[in-house]
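**Student:** Quick one: the structure is below, and I'll ask about it shortly.
What follows is calculated from the coordinates using simple rules that are stated; it is not laboratory data. Here the structure is a predicted model, which is why all the values come from computation and not from measurement. Here Cβ is always computed from backbone atoms with ideal geometry, including for glycine, and neighbour counts include all displayed protein chains.
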Amino acid sequence: MLARKGLLPDGFLLTRLAEDQNQPNRSRSRSQRARFITKTGSCNVAHKNIREQGRFLQDVFTTMVDLKWQHSLLIFTSAFLCSWMLFAMIWWLLAFAHGDLEPRDPNGDPGPVPCVTAIHSFTSAFLFSIEVQVTIGFGGRMVTEECPLAITVLIIQNILGLIINAVMLGCVFMKTAQANRRAETLIFSKNAVIAPRNGRPTFMFRVGDLRKSMIISATVQLQVIRRTVTSEGEVIPVCQLDIQVENPLRSNGIFLVSPLIISHTMERGSPLYELSAQSLASEDLEIIVILEGVVETTGITMQARTSYIPEEILWGRRFVSIITEEDGRYCVDYSKFGNTVPVRMSSLSAKELDQTRGVQEGVSDVQLQGWGLVRAGRGGFRRGGRAYDSSAPQPWYAQSEKAEKEVEQKGQKKTVQLEVIGRQIEEDALGELSD
């Protein structure tokens, strides 16, 4: 669809087809897994046996906005036709009660002044009702001052017509300016990958924005939905667990000016900590991606969603680079948006790798330096997604402070504060002046 609109090149679809053919075949003996969120972002949930249907009528406007276009157009047409028909009947009854429908001799006495001129049948009353409500005014029919009741009906029909027009126009505007329309130009990679990054297994996927207008205050939220059983035996069919997005700013905010690779490190405390290449195919889980932000041009809050099931997570692959620098600016090649390449990676889970490397649970003799410093392998720490080795050389001020403390302990150095030196110089100067 995007290729037909000219938003994506034709080569993008061909590359996606080639990518699907090159991917390894997975065992699909199991029945098709039920998705909580489809790839297009809609919720795959069917609501049944709702007994309190009247609650939807308490919020008529939202109900009409949520309806499909064919149903909305049917309601709009029915509302106009019913209002025209109702007031046409009222105008016909007024003319009948006043005697305006009786045949008259064109050469004889003109008779009394009618309530509405040129109304001789129900058809002419229906045409007059349309002229009044849509304010056409062809000039052949008009209300006279003979009947005050006709003037009252004219006012009521005008007010009701304005209300119907306002409601219908508001519904059409809200349906065309819905936030999910902006999400059509936000694309996610068809597959997610798990590859080593900074020595740790990392879950990654790619997101991009096809429009030049920005998404302000864009945030990404990851959740794992899986079926769990509590210690008491309670079965929770849909258990939602949050996944921390890897970001040195310690927040989920992103600057989506170009396609980004969103990553999550599979470390201790992660719901994917025990996930391995063998257990991935049999896992009953779904990773949901939610991107929220404010549309720059309209100021409307939007949300784009997608999900990844085990069949769509590739183990031991990473995304290729699609950003190049040409003529002093960065260029993005969307034909390679979902392309991946294989990398060397162990099939063990992150937990098994930590046990292999000798990282034991409950180790507390780690000296934390700065925020976000966690264990990241043998003799190393990770700060903001990067590895920090404890054997690395320390900064100059740390070495000088350490050397100073050792000299002080040996008694070979005496530390004198600057305030004491300044006081001694001042006393010597006062002594010379007194002499």
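**Student:** State whether the stretch 144-238 is rounded, prolate or oblate according to the following rule on the C-alpha gyration tensor (a ≥ b ≥ c being the square roots of its eigenvalues): a/c under 1.5 gives rounded; otherwise a/b larger than b/c gives prolate, and the remaining case gives oblate.
**Tutor:** The shape class here is oblate.
**Student:** Here is a follow-up. Along the principal axes of its C-alpha atoms, what lengths does the stretch 174-222 span, in descending order and rounded to whole Å?
**Tutor:** Computed over the stretch 174-222, the largest-to-smallest principal extents equal 48, 22, 20 Å.
**Student:** What's the FRET efficiency of Ser231 with Phe36 using the Cβ-Cβ distance as r and R₀ = 22 Å, to the nearest 0.05?
**Tutor:** Approximately 0.35, to the nearest 0.05.
**Student:** Still on this model: Spin-label point model (7 Å from Cα, Cβ direction): what's the Phe122 to Met89 distance in nm?
**Tutor:** Rounded to a tenth, the inter-label distance reads 0.9 nm.
**Student:** Separate question: Where a ≥ b ≥ c are the square roots of the eigenvalues of the C-alpha gyration tensor, would you call the stretch 285-346 rounded, which needs a/c under 1.5, or, failing that, prolate if a/b is larger than b/c, or oblate?
**Tutor:** Here the stretch 285-346 falls in the oblate category.
**Student:** Also: Distance in nm between label sites at Asn158 and Val332, each 7 Å beyond Cα in the beta-carbon direction?
**Tutor:** Computed distance between label sites Asn158 and Val332 equals 5.3 nm.
**Student:** Can you work out the FRET efficiency for the pair Trp69 and Met345, with r the C-beta to C-beta distance and R0 = 51 Å, to the nearest 0.05?
**Tutor:** 0.60
**Student:** If each of Gln58 and Met142 carries a label point 7 Å out from its Cα toward its Cβ, how far apart are those two points in nm?
**Tutor:** Distance between the two pseudo-spin positions: 5.0 nm.
**Student:** Please give the FRET efficiency for Ser78 paired with Phe173, using the beta carbon to beta carbon distance and R0 = 22 Å, rounded to the nearest 0.05.
**Tutor:** Between Ser78 and Phe173 the formula returns 0.65.
**Student:** Using the Kirkwood formula on the Cα atoms of the stretch 186-298, what hydrodynamic radius do you get, in angstrom to one decimal?
**Tutor:** That comes to 15.7 Å for the stretch 186-298.
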